[in-house]
Every structure is written in structure tokens, then in C-alpha cells.
1. Amide H neighbours of Leu30 under 5 Å, at least 5 residues apart or on other chains, H built in the peptide plane: list them.
2. Report the relative contact order of the chain, percent, no decimals, based on alpha-carbon pairs under 8 angstrom and at least 6 residues apart.
3. Would you indicate which of (1) 157; (2) 333; (3) 147 is the value of volume of the Cα convex hull per residue in Å³ derived from the coordinates of this structure?
4. If you stretched the chain out fully between Asp247 and Tyr58, how much longer would it get, using 0.36 nm times the residue separation minus the C-alpha to C-alpha distance?
5. Distance between Cα centroids, the range 108-164 to the range 199-227: provide it in whole Å.
6. Starting at the first residue of the range 384-401, write each ³J(HN,Hα) from the Karplus equation 6.51 cos²θ - 1.76 cosθ + 1.60 with θ = phi - 60°, in whole Hz, x for Gly and Pro.
7. Return the calculated 222 nm mean residue ellipticity for the chain, to the nearest 500 deg cm²/dmol, obtained by summing -39500 (n - 2.57) across DSSP H runs with n ≥ 4 and dividing by the residue count.
8. Expressed in nm to one decimal, what extension gain is obtained for the pair Thr232 and Asn256 from 0.36 nm per residue of sequence separation less their Cα-Cα distance?
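Taken together, the values in this text are just the output of simple stated rules run on the coordinates, not laboratory data. From a predicted model like this one, the values you see are computed outputs, not experimental measurements. Quick reminder, even Gly has a Cβ in these numbers, built from the backbone with ideal geometry, and neighbours come from all protein chains shown.
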Amino acid sequence: MIYRIIMLTGVALPASLCMAAASEKEPRTLTLQQCRDLAIAADKELAIAGRKQEIAGYDRKSALANWFPEISATGTYQYNSRDLSLLPESVSEFLNAEGPLYDLRVEVDKALTLDVTNVFAGAVTVVQPVFMGGKIINADRMARLAVDIADIGYEDRLQQTLLSVDMAYWQTVSVAARKRLAESYSELLQQAVSDVTLLEAQGMATGSDVLSVKVKANEADILCTKADNALTLSKMFLARLCGMGTDSDFVLSDENADTIVTSGPVPERTDKEITAARADLRMLSLTADICDRRVAAVRADMLPQVVLTGSYVVTNPNMFHSFQNSFGGFFNVGVSVRIPITHGGERLQKTRKAKAEAAIMREKLAQAEEMAAMEAAQLRHRWDEAVRRVGMAGENLSAAEENLRTATVGFNEGIIAFTALSAAQTAWLQANTEYIDASIELNICSSALRKAEGLPLN
């Protein structure tokens, strides 16, 4: 399209524009680190882990609030249909009856009648816990541990995501290498078909040789088709991990490399270092600490509780001024002590239950530490074996390539039979396949070993 525009207009487009237009058709190239970054941004479980961190922070602040006094204000209004009289009803009727000194008697009755038609009351109360049996301090420490668990949970999920991406990335590189190998093998056999056909015409090869090489060529074509489909599926899986559409067109930076770059050595850690570094074990350890704190928190219900209280109360009518219609108030302070005595042993059983749960968590932690040490040892063994396999596979590949070159020359010179050439081709294919498998196994094993030992992948 660009070439047609130049020819029709006679004006040369800028080189940058031509390169930009051409690059639109080129697939996107992704490195391993770019795939990791995309997967981190797209991982929903990682986003949930981040939300859990946020929730743990709120719980921590809620627990911290228990250290401070609780201040509350209340207010009330009440309408009463009758006033209050300090005199019996018969006396009040006498005072209000007509007769001598009527005005004086009425004034006396009014003085002894309280106007409570509209009653207002309000209070500001302060409650400060002094000793709650250790419940507040243990709740605060459990909230702190929960924050640490949420942080480590995010880290653990991050490492799991990176490991999944690493495995999918190198698996895709492996399939791509197998595809290139199948294509090279197919080209090799197609050339062999042509050569054997010519030799048959010259009487130097039989029809059986021609059929044999054609069968192998067809098998190589089938291998190419299978490898192509496998590469498509592998890229779809990697694209899903990276949050891209399954129809995304991209090329991995190691996909078309002549040789597969293998990972370097992985530092070896002791069992104690692994226990201290692995996120899942740290989470279990903190969970066990929370269970221990929960025992103390449950036991607090069996201990005395001391609370300071203080309040300021205001009323209308004024109780301190003959219940006149004005506001008056007073304040008070006090100490409240609550001592549990018995409740059928309920609190004791709850404490025992919490102790049993804490013991179970400690057993789970010990079991997980043993499994982690075993996993790391097994992966270390696999990694050592993969290193040796890569070295031996490289030597075998060099030998197979030289053998194929020699067999091809000998066959073309008529010195070696076709069966020997076919065997050299098969050996070359197997040597390349073994080298690819060994290299990919080493890279995948390196990532798995780093995670098993608590080493960061990024």
C-alpha cells in the first residue's frame, strides 16, 4: 500500500512514517519481564490480595481505637399531660376553693406544683477501660499480625503469579523451538526425497528407499502441523495469564533465538533459611501466633474488668433550682469493677478449645516446614540433574550434527546407504529435541526452585 501511494503521487513519504505503517503489521515482541508485568496487572487474585491488605489495615485501626475512651452524648425530650404536685389532691382542691385568703392559698398551691409539661435532659458520658483482662492488648496484637499476614499473602500471590508466567513463557519457547526443529527436519527430508528420487533414476537407489523417505517426509509434515497447533494453544494460555485477548498476535523475545538461554545458578539455602523466607510458611507462623493470642483473649473473659466512667448531665426543669424551667447540670465520676464468678464452666471450655486450636495450628506449621524442606531438596536434585542434562545434550547435539553432515556427504558420494543417512537424520532430530527439553526444564526448574527456597522471582 505504501509503495502504491509513492508511485501514484510521486512524493516520497518520510522514512519514519513508512516504518510506523510497516510496524503495525508486525507482531508485538514480549520479553519475560514484560509478560510478568502484564500478568501482575491482570491478575484478579492479586488484586483481591491487595484488597485484603486494605481490610486488614482497617481492622488494625479498629482494634487501636479500643485503647481510647469512648465518648457519647445523649439527649431526650418528653411531654407530660399533667404537672407534678407535692400535695395530696384533696389538699390542692381545698387551697383552690373560694373563701378567705383565696389568693394566698392559690399561690401556695402553685409553689408546691412542679411544671413538668416539657422535660429536657442530656448527658455526655466518657468510658475509659482500665483493665479488661488483657482482651484489648491481645486484640491489638492479633490485628497487627493480621496486617502482616495480608502483606505476606500479597507477596505469596505475586510469586505464584510470576512462577505461572515463567512456566507458560518457557513452555511457549519450547513449543516454538520444536516447531522450528520440525520445519528444519521437514526441509531436510524433502531434500532427501529429491535426492533419492534422482538416485533411483540412476539405479543407485530402490523404490523402497523412495517410499521410505516419503513416509518420513509425511511424518515430518504432521509434526509441523502438530507443533503449529501446540504453539497457538500455548500462546493463547500465556495471553490469558497476561490479560491479553486469546487472539493477540505477539512474539516472545526468546521464541526465535538460535539457542535457548538457560538460567544461572540458584543459591542454596538451609532449611532454617527456607522457613524464614517462604511466604506461605511465614503466614502459617503468624497464624499460629494469632491462635496463641486468641487463647489469651478468650481467657480474659474469666478475669476482672475495671472501667472508669464520667458524665455530665443537664436537665430542664432544673432539679437544683426548685424545678424551675431553666437548664441545670452536674457531673459525676466513678469506677466500675466486674468480676466473673461462674457461668457453668462455659468460659473455661472456650479457653481449652482455643488452646487445642492453637496446638493444631502449630502441628500444621511443623508439617508444612517439613514438606517445604522436602520440596526444596527435590527441586534442588531436579535442578542439578537438569544442569547435567543440558551439558550432555549439548555434547550429543554437536556429535549428531557432525554425524549428519558426514552421512549426507557420504550419501551424496554414494559411499553410504540411505538407511545410514536416515538413521543420522533421526539421531539429529532426537538430539535437538533432547537439548530443547533439557534447556526448558532447567529454566522452569530454576524458577520453581527459587520459589521453593523463598528467593524472589522478579
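1. Val251, Leu252, Ser253
2. Numbers: 584 pairs, mean separation 98.1, N = 458.
Normalised by residue count, the contact order of the chain is 21 percent.
3. Label of the calculated value: (2).
4. Stretched out fully, the Asp247 to Tyr58 stretch lengthens by 63.9 nm.
5. 82
6. Couplings: 4, 5, 5, 4, 5, 5, 4, x, 5, 5, x, 5, 5, 5, 4, 5, 5, 5 Hz.
7. Per the formula, -23000 deg cm²/dmol.
8. Working: separation 24, 0.36 × 24 = 8.64 nm, distance 1.49 nm.
Between Thr232 and Asn256, full extension yields an extra 7.1 nm.
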